[in-house]
Amino acid sequence: MSREELAARRFFIHTFGCQMNVHDSEQLASIMTEAGYERAPDVSQAGIILVNTCSIRAKVAQKIVSQLGRYRRWKERNPKVIMGVGGCLAQHWGREMLVKAPYVDLVFGTHAFHEAPRLIDAVRAGGGPVLDAAFREEIPSLGIHAAVTNGNGTTKHQALVTIMQGCDNFCAYCVVPYLRGRERSRPAAEIVREVETLVGQGIREVTLLGQNVNSYGRGLREETDFPRLLTMINRISGLERIRFTTSHPKDMTEGLIDCFGGLEKLCEHIHLPFQAGSDRVLARMRRGYTREDYLGRIAALRRRCPDIAISADVMVGFPGETEEDFQATLALMEEVRFDNLFSFMYSEREGTEAASFGDKVPEKERNRRLRILQELQDRHAWERNRALIGKEVEVLVDGTSRNDPRELTGRTRTNKIVNFAGPLRLRGEILALRISDAYLHSLRGELKPPEALLVHKSPEAVHVHKPPEAVLVHKPPEAIHVHKPLEAVHVHKPLEAINVHKPLEAVLGRK
Ligand code: SAH
Ligand code: SF4
Ligand code: F3S
């Protein structure tokens, strides 16, 4: 096969936006692979560049347009390259995308991912750019199973699973309902089957995805809801951890609050966006709850599950937000003390209700409020993380740390990042770590060895499967086999042999 023929079969996906987009891209990769294409190791070896886009804020859209410009230069040098733009911004702009970025060959909306191979054929057949931004009743890609390997071919231990699509909430600032269409839930049995298959392939943790998972089940023929779905998934053997995102405070029921602490696989973390702390702003946003409702749900969650970590989204500078409203947001933060907060400056989105509101907050003021809010949040995150020093946590090991390849990284059940020293073979394991230090956005941990192993009588052999800090041997066994690294072996009487299969230095020194 010539270089050119090979490149024509290779695709590269660049993803912007939320976890739903990340998952859509995983499914797109599976759709392309099924159709006979393969993933390019990097963009320079791809004949097809697919950009999965987001339109949540104007800044995100700008960033995407600049990225498209960079790919354009690449395409100018390699005219056979096909450039496709899909997802939310493609849906938002539709044909306009071909005016704003005339070098794009293909525009596919949020409901057209399963059509990608056919649309690429149409581009190759010639006749100009191709567009599919139609909304569909049924979205076939919803049921498509994404591969459980990372882009680099290693197996994953966590997977995203879509449980619903679309959104019916129409918050006054938000474009999502216009871009993703009406809310649709997938049948529970289908979701359970998908999770079972994933577990069979080595997945230990799933994150259930939807814009508003609390309203799962609405419109389905079967009698079900989100707590029932969680209970079914909790029963799947081999699965260790369940997460979900995003919850909407207005649909946060007692039944769901009871799942925390009640379902052992459900992790002690909730992402519950509050957006604003002032009732006046919340009402204008059409959020459907008050500040008191929100705080009541947080209190109920903490009663049920005292160690639960709480994260949220918040916005500053929504039209009409006064200094007093803004202070109410800061006061709510003081009351809750979030573990993590995603904060945004309000951004006007064409077609939304708030775009027609007259009382805009000037950009300079929005910037000032955001800065103050983020400083407060940094203080809270720091305090919440520092309080974990000395505590024992359970971590699912993701792999090597991005900042230091000699380090491992993982997440606690409360969704905090922990970096620690340890051998790469621990990838995918669930371990107990002791937190030794804490920062703003991550923790440092240590593998927790047993204090000491005392061997009073000399057996034929001692097999040590987990690394204690020390092994004290009072009488000589014939041999000590150490399968995992020890920090030290104190031998009071001579041994015939110590077989150390993996000494500490050697394991830590390995990349
Ligand atoms: N479905 C989720 C959120 C999806 S969008 C939910 O309702 O919680 C993610 C976050 O982006 C929102 O929570 C909101 O804080 C922010 N966001 C959405 N539209 C925005 C806009 N027009 N300007 C600024 N931030 C926005
Ligand atoms: Fe947007 Fe509101 Fe729907 Fe979230 S719930 S996606 S903020 S409309
Ligand atoms: Fe963006 Fe679409 Fe997600 S607009 S935030 S990618 S649903």
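Across the range 28-48, a minimum of one residue is classified as closer than 20 Å to residue 180 by Cα and within 16 Å of ligand 3 (Cβ to nearest atom).
Give the residues of the range 271-307 that are surrounded by 20 or more Cβ atoms within 10 Å (Cβ to Cβ), part of a loop (DSSP other than H, G, I, E, B) and among the hydrophobic types (A, V, I, L, M, F, W, C), sorted by residue number. Of everything in the range 271-307, those that are surrounded by 20 or more Cβ atoms within 10 Å (Cβ to Cβ), part of a loop (DSSP other than H, G, I, E, B) and among the hydrophobic types (A, V, I, L, M, F, W, C) turn out to be 272, 274, 276.
Condition check ((1) more than 16 Å from ligand 2 (Cβ to nearest atom); (2) in contact with a Ser or Thr (Cβ under 9 Å, 6 or more places away or on another chain)) across all residues:
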| position | (1), (2) |
| --- | --- |
| 239 | yes, no |
| 244 | no, yes |
| 251 | no, yes |
| 254 | yes, no |
| 261 | yes, no |
| 264 | yes, no |
| 267 | yes, yes |
| 273 | no, yes |
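Would you check if residue 45 is of a type in the set (S, T, N, Q) and within 16 Å of ligand 2 (Cβ to nearest atom)? Here the answer is no, as residue 45 does not meet what is asked.
Taking into account only those residues within the range 87-131 that are out of contact with any helix residue (DSSP H, G or I) (no Cβ under 8 Å at 6 or more places or on another chain) and small (Gly, Ala, Ser), which is modelled with the lowest pLDDT? If we take residues in the range 87-131 being out of contact with any helix residue (DSSP H, G or I) (no Cβ under 8 Å at 6 or more places or on another chain) and small (Gly, Ala, Ser), then 127 is modelled with the lowest pLDDT.
Mind checking which residues of the range 98-122 are over 21 Å from residue 166 (Cβ atoms) and in contact with a strand residue (DSSP E or B) (Cβ under 8 Å, 6 or more places away or on another chain)? Walk me through it before giving the result.
Within the range 98-122, the first condition is being over 21 Å from residue 166 (Cβ atoms), and the residues that meet it are 98-106, 117-122.
Those that are over 21 Å from residue 166 (Cβ atoms) and in contact with a strand residue (DSSP E or B) (Cβ under 8 Å, 6 or more places away or on another chain): 98, 101, 103, 104, 105, 106, 119, 120, 122.
Mind checking whether some residue in the range 66-86 is farther than 26 Å from residue 136 by Cα, at pLDDT 95 or above and within 24 Å of the chain's Cα centre (by Cα)? Yes, the range 66-86 has at least one match.
Looking at 119, 106, 98 in this structure, which one is more than 16 Å from ligand 2 (Cβ to nearest atom), closer than 17 Å to residue 24 by Cβ and out of contact with any Phe, Trp or Tyr (no Cβ under 8 Å at 6 or more places or on another chain)? Please lay out each step first, then the result.
Working: 119 fails: out of contact with any Phe, Trp or Tyr (no Cβ under 8 Å at 6 or more places or on another chain); 98 fails: closer than 17 Å to residue 24 by Cβ.
Only one candidate qualifies: 106.
Selection of the range 196-220 for residues being part of a helix (DSSP H, G or I) and under 15 Å from residue 26 (Cβ atoms) yields 197, 198.
Examine the range 243-258 for a residue that is under 23 Å from residue 144 (Cβ atoms) and not hydroxyl-bearing (Ser, Thr, Tyr), and state whether such a residue exists. Walk me through how you get there before you give the answer.
Filtering the range 243-258 down to residues under 23 Å from residue 144 (Cβ atoms) leaves 243-246.
Now drop any that are not not hydroxyl-bearing (Ser, Thr, Tyr), which leaves 243-244.
Checking the range 243-258: at least one residue is under 23 Å from residue 144 (Cβ atoms) and not hydroxyl-bearing (Ser, Thr, Tyr).
Just for the range 344-354: of the residues that are more than 11 Å from residue 318 (Cβ to Cβ) and within 15 Å of ligand 3 (Cβ to nearest atom), which one is surrounded by the most Cβ atoms within 10 Å (Cβ to Cβ)? Filtering first and then ranking leaves 349. Among residues of the range 184-206 that are closer than 14 Å to residue 242 by Cα, those with a beta-carbon under 8 Å from a residue that is of a type in the set (Asp, Glu) at least six positions away or on a different chain give the pairs 204/240; 205/240. Remark: pairs (first residue in the range 101-117, charged (D, E, K, R); second residue more than 16 Å from ligand 2 (Cβ to nearest atom); Cβ separation under 6 Å; 6+ apart in sequence or on different chains) = 105/82; 105/83; 105/123; 105/129; 115/132. Within the range 357-416, the set of residues being among the polar types (S, T, N, Q), assigned to a strand (DSSP E or B) and over 30 Å from residue 301 (Cα atoms) comprises 400 only.
Of the residues 263, 282, the single one that is under 24 Å from the mean Cα position of the chain (by Cα) and assigned by TED's automatic domain parsing to the domain that holds residue 169 is 263.
The values are calculated or read from the model by the stated rules, or taken from the named source; none is laboratory data. From a predicted model like this one, the values you see are computed outputs, not experimental measurements. Cβ: placed from backbone, ideal geometry, glycine included. Neighbour counts: every protein chain shown.
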